[in-house]
Structures are given as structure tokens and as C-alpha cells.
1. Anything in the range A:279-289 that is closer than 15 Å to A:ASN314 by Cβ and either among the polar types (S, T, N, Q) or assigned to a helix (DSSP H, G or I) (or both)? List them, or say none.
2. Kindly indicate whether A:VAL174 is more than 14 Å from chain B (Cβ to nearest Cβ) and of a type in the set (Val, Ile, Thr).
3. Pick from A:LEU140, A:LEU167: which is surrounded by 23 or more Cβ atoms within 10 Å (Cβ to Cβ), at the interface with another protein chain (Cβ under 10 Å from one of its Cβ atoms) and under 21 Å from A:ASP239 (Cα atoms)?
4. Considering only the range A:226-245, state which residues are in contact (Cβ under 8 Å) with a residue 12 or more places away in the chain and over 20 Å from A:ILE273 (Cα atoms).
5. Here is a check on your reading of the model: is A:ALA95 in a helix (DSSP H, G or I) and within 14 Å of chain B (Cβ to nearest Cβ)?
6. Regarding A:ILE215, is this residue away from chain B (no Cβ under 11 Å), closer than 30 Å to A:ALA249 by Cα and not acidic (Asp, Glu)?
7. Can you tell me which residues in the range A:101-133 are modelled with pLDDT of 85 or more and part of a loop (DSSP other than H, G, I, E, B)?
Amino acid sequence: MTSMGTTGFEITVNLIKTVLVFLMMVQAVPILVWLERRGSAFIQNRFGPNRVGPLGLVQLLADAVKFLTKEDFVPEKGSRFMFYAAPVFALIPAAIAYMAIPMSVPLKLEGATFLIQGFEVNVGIVFVLGVSSLAAYTILMAGWGSGSKYSLMGAMRASAQIISYELALGLSIVGVILIYGTFNLTDMINAQHGALSFSMFGYTVSSAYLPNWGIFYQPIGMILFFAATFAESNRLPFDLAEGEAELVAGFHTEYGGFKMLMFFIGEYGHMMIASGLMATFFFGGYSIWNFTPQQVYEWLYGLVGSELLANILNTVVHFLSYNLKFAIFLWIFIWVRWTLPRFRYDQLMDIGWKTMLPWALANAMLTATLIFAGSYFIF
Amino acid sequence: MTADTFLFWFLAFAIIAGALGVVLMTNPIHSALGLVLTMVSVAAIFVTLQAYFLAGVQLIVYAGAVMVLFVMVLMLFDLKNEIQAFSRGRIRGALKIGSVGILSGLIVGAFAKALIANQALGAKGSLASTASTAVGAIKPLAENLFFNHVFSFELLGVLLLVIAVGTVALSRSKGGTHDRN
């Protein structure tokens, strides 16, 4: 991203892309809610919503109508401005951060190249972490603006948790940054194309079947990162912010109707960012198992025999590949939520500060040492 | 007016409005949120100057961690007395605003003087052109931090550690919230 664009055409394209990515995010939420309700029912041996439409798919439309027609309630003791501002702000960090994640190979159409992402940022990781760290304010604003003890307690817990786990989250990807030597998400994905091969201590290791994905270089980092993102998006087993048994519903106790739905979209937005980053850092982003985009393009070119069509198909195929990984991680989020019980608060803090932080630090140091030693000492 | 100048004026307005809000609001939480607005807008200004790394760090460290802690602590305490102390007295209020005005005038004056002196010396390239080439990349920043100024950088780290240890020691001695007795 150099600027908003230099020509009118660029500005228009960027604007359309921004709107498109935002709509994609918002439109994925009803599907995710349906998946969550059906999935939880499946896990708990129930039916879930199955009456409205085929497989209960239209249930969400009915819910949306219900949300829109609900009473617009504002608690008397709260701060009216903050109460209204919080759900609106809940959408912004998630939407902006998700736009920086590349979703497919750039589409080349007769001289023009379209990036399949909202905008390219040179320091993608720092940008995504920075923007999504602003989400703590929406929770604090909601808790304070509600003027209720439960809301405030939930907001305090949530923000303390987010700050604590941000450290582990940041440190767990230091290893990733060291391995790829870049902050740019597109460069990271480019480094993961093809089959696994690397050289260390003068030996070259390569595999015919395994892909060149980050998980083989950073297994500990992967686990720490995924665990920390659960805490960052306030999902079970880290949803101390809600804690139904203790706090009614945490920071959104006083919210109902569409305002509640906006918090929902924000939470799912954070899940989406986490899934997108997981795919990007550790599972090759949009790249396909064992193949480089060039190989896929040549195969497609041999199939359709037209450069333009092959380019478009290449982008579509990689877009599907990205979304497959994306969907798998979203499903894992839902799966874990309905499988694991909630932590106690002291356990939560212990895991964050005394377990994950030291492990993440150790992982970063080990990675740095190995990279240095592997390139300087030859046996 | 091009898009860049529009962005600059918009963000400059947001920064000033946020900063004024910090001083003029009576509720400490509103003040803290005003400071957040200022921090985020400054990060956005960094983006328009193509200093993406600085913008991200500004967001993560100041807006994302430091200010969240501020807001959290402000919300935790009962601040009725402090709100009164903030808003009591027109003369004191006028004095506060006046002193803020003098301070900002001093800062702006110093910058203006430096700029004029810079132009008089015939310095090569304006501030903006050096910013776009050097600050945006991470490597020059890292070289400056970890090679040229590594000693002062480490010293700052030690200073921060001393502050953290000192805070704990102070709060655990007499009468603090973590008092041993």
C-alpha cells in the first residue's frame, strides 16, 4: 500500500476491494453462526436449528429480522455515547486487520495486476497485530458505558486477558519472522511454495511429499500462536470475559438486538483474522500442497490453452485453497469451544504468564540460535 | 486538494481534537479515550508518511498496551474526587488551559525555528523526503538501534527494568496496595 492509489482507476479498485472484503467478512458471520449452532448440536448429540429452511439455514435470516425489530434499550446509569459507540467500534479493528491478509495469487489481466487482498502492507504482521490490539477498547467502552457491575467486571477481565496474551502472541511469531526474514505476509507465503526443502549445517534436507509449510519449521510457535489467538478472540476455553455462571454475559450483558449482533460480528472477525494468520504463517497461505503457483498455472494452461483463462483459474484455485484452510481453522475454533471447559481465572493468568510466555521466548531464542549456527557452522 | 492533503488535514484535526479532549473533558475516562484517539491518529499520520513499522509499533505499544492499561485502571478506581478536582474552579481551569497553550506554543515555535534554520542552512531535502526513503524500511531502523546506538538502547532497557522493580518495591513498602502487613 503506497497510498490510496495514484489514478482514479486505482482508487476505485481499492475502494471496491475494501467494501468487498468487509462484506465477505460480514456475510461469513451468519454461516459461521449456523455452523456453530449445528456443530455444537452435533457435538452434544442434539439437533440444533433444523426447522427454518433446509438444514435450518434460513434460521439466521429469521434471527436477523428479530434482531432488527428488537427494542433499542439503553441502561439509565450508563454513558449513552459509549454504549452506542462500542458496538460500532467493535467492527472496525477486525475488518481493517483482515484486509491485510492475502487470499490468492495476484490476478494478471492484460497489463494490470490485481492483488487479492484489501491492501498490501509492507509490515503486514505488525499492522495486523497493531490494529487488532485496538479491540480491547471496544470491550472496555462497552463495559463502562453499560453502567453495570457485571459488564464492568467482564470488561476488566477481558482486557486484562487480551493484554496478557498479546505478549505470548507477539513472541510466538518472532520465530516465524526470523525463519522467513520478512514482515510481509505475501513474501511469507511465497517462501512456503513447493515441496519441503531447507539446508542447515551444510546438509540439504528435502522431501518429495511434504509441503514447504511453516509448521515444519515452527511447530512450537504454531501451538503457542493458536492458543494465544483463542485468548485474544475471547473464545472458550478462555472466555472468562463472559463467564455465564459468574457474570451473566460479561461486557455485553446490557446489549440486545442489533448492537449485540455487532459484537458477535467483531468476535467472529477476530476468529477469521486468527484463522487467516494461522494459514498464512504455518500452512502456506493460499499455496497448494506440494505445488508452486507456477506449476499450477502451467497445468491449467495445458488444460484450457488460454493465458487469460489460465490466469483467472489460477487465482480462483488458490482462492479456494486459502478458503479451505481458513474454513478448517474456523471449524477448529468451534470444535474446541464445544469440547473444552473454561479455565479458572488464576489458571488463565498462570498459563499466559508462566507457561506460554517463557515457551515463546525460548522458541524465539532457539530459532535465532539455530538459524545463526545453521548458516555459519558446516559439519 | 489531493487525497493525501485531505488525509493529512483530517488526521491533524483528529489529533488536535483528541488532544484538546484530554485537557478539556471533565471525566478522566473520556480524557483517556481522547488520548487514544490522538495516538491512533498519530499512527495513521505515520502511515501516510510511509513509516509503516513505526505506525504498527505505535499502535501495538501505545494505543494497544499502555493506553488500555490506563483506561483499565481509571475504570477500576472510584474517581468521584478526582473528577471534582479536575473540574473545580474557573480560574484554575483557565490557568491550566493557558499553561497548555504556552507549552504547545513553545513546541510549535521551536519546530518552526528549527525549520527556518534548516532552510537557511540550505539543508538537502525536506523532512518528508528523508522520511519516505529511510523510515519506512525496517533494516535502517534496526541498524540504527542494534549497531549504531546499541549501548543506549540496552541502557534504556535496563532503565525500564529498574523502573519496574522500583515500582514493585515501592508498592510493597509502607501503605501501598500490595503492603506485606
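1. Across the range A:279-289, the qualifying residue is only A:SER287.
2. no
3. On inspection, the qualifying residue turns out to be A:LEU140.
4. The answer is A:LEU240, A:GLU242, A:GLY243.
5. no
6. Considered against the rule, which asks whether it is away from chain B (no Cβ under 11 Å), closer than 30 Å to A:ALA249 by Cα and not acidic (Asp, Glu), A:ILE215 comes out as no.
7. Residues satisfying the conditions are A:ILE101, A:PRO102, A:MET103.
A quick yes/no check of all residues on (1) crowded, with 17+ Cβ neighbours inside 10 Å; (2) of a type outside the set (A, V, I, L, M):
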{"residue": "B:ALA3", "(1), (2)": "no, no"}
{"residue": "B:PHE6", "(1), (2)": "no, yes"}
{"residue": "B:TRP9", "(1), (2)": "no, yes"}
{"residue": "B:PHE13", "(1), (2)": "no, yes"}
{"residue": "B:ILE16", "(1), (2)": "no, no"}
{"residue": "B:THR26", "(1), (2)": "no, yes"}
{"residue": "B:ALA32", "(1), (2)": "yes, no"}
{"residue": "B:MET39", "(1), (2)": "yes, no"}
{"residue": "B:VAL42", "(1), (2)": "yes, no"}
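The values are calculated or read from the model by the stated rules, or taken from the named source; none is laboratory data. Quick caveat: nothing in here was measured; it's all calculated off a predicted structure. Using ideal geometry, Cβ is built from the backbone for each residue, glycine included, and neighbour counts are taken over all protein chains shown.
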